[in-house]
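Shown next, in structure tokens, is the structure this report addresses.
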Amino acid sequence: MTHPFFERLHSSFSAQSMMSTLGASLTEVQDGTAVIEAPILPGARQQHGFGHAGLTFAIGDSAAGYAALSVMPESFEVLTSEIKINLLAPAKGELLIATGKVIKSGRRLVIVTSEVVARDGDTDTLIAILQGTMVPVPV
């Protein structure tokens, strides 16, 4: 089922030039969950040919942020206050998929996580876990 605020979140996502540059798309939004997919483009690879950690971090952070935004009233946006990443494996394949989730939502802080997998053919490999804090800000 599509989140009732999907259009609001999709519009916000579309305004992010960074996500556009990366070829990323917001593919799913539910209460407290968001999924972002990004191809591993030639310009987003590191010296060994794997997807760059910056790509992994960018979509993991954004997935966590949109998960947080999905539980906010329409009069609020969110900003990342802090986020940590554990890189678990190289980003090998053609696509990264980041799934952000809200762990705890409050009036001043939203605790979030994100898992990023790399799709290589029919195999998905967990390559990173992020944990952080989003801050609701009135618009």
Return only the number of the condition from (1) on the phi > 0 side of the Ramachandran plot; (2) in contact with a helix residue (DSSP H, G or I) (Cβ under 6 Å, 6 or more places away or on another chain) that Gly121 does not satisfy. (2)
Filtering segment 92-106 for residues that are in a loop (DSSP other than H, G, I, E, B) and either out of contact with any strand residue (DSSP E or B) (no Cβ under 7 Å at 6 or more places or on another chain) or not basic (Lys, Arg) (or both) leaves a count of 3
Quick one: would you say Ala98 is among the aliphatic types (A, V, I, L, M) and touching an Asp or Glu at 6+ places or on another chain (Cβ under 8 Å)? yes
Does Gly65 meet the test of being farther than 18 Å from Arg119 by Cβ and crowded, with 16+ Cβ neighbours inside 10 Å? yes
Does Val71 count as more than 20 Å from Asp124 (Cβ to Cβ), in a loop (DSSP other than H, G, I, E, B) and in contact (Cβ under 8 Å) with a residue 40 or more places away in the chain? yes
How about segment 5-62: which of its residues are under 12 Å from the mean Cα position of the chain (by Cα), among the aromatic types (Phe, Trp, Tyr) and under 22 Å from Leu88 (Cβ atoms)? Phe57
Answer from Val78, Val137 - the residue that is of a type in the set (A, V, I, L, M, F, W, C), within 28 Å of Glu7 (Cα to Cα), in contact with a Phe, Trp or Tyr (Cβ under 7 Å, 6 or more places away or on another chain) and in contact (Cβ under 8 Å) with a residue 12 or more places away in the chain: Val137
Selection count, segment 20-63, where residues are touching a strand residue (DSSP E or B) at 6+ places or on another chain (Cβ under 6 Å), of a type in the set (Asp, Glu) and either within 15 Å of Lys101 (Cβ to Cβ) or modelled with pLDDT under 95 (or both): 2
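The values are calculated or read from the model by the stated rules, or taken from the named source; none is laboratory data. Just so you know, these numbers come straight off a predicted model, no measurement behind them. Note that each Cβ is placed from the backbone with ideal geometry, even for glycine, and that neighbours are counted across all protein chains shown.
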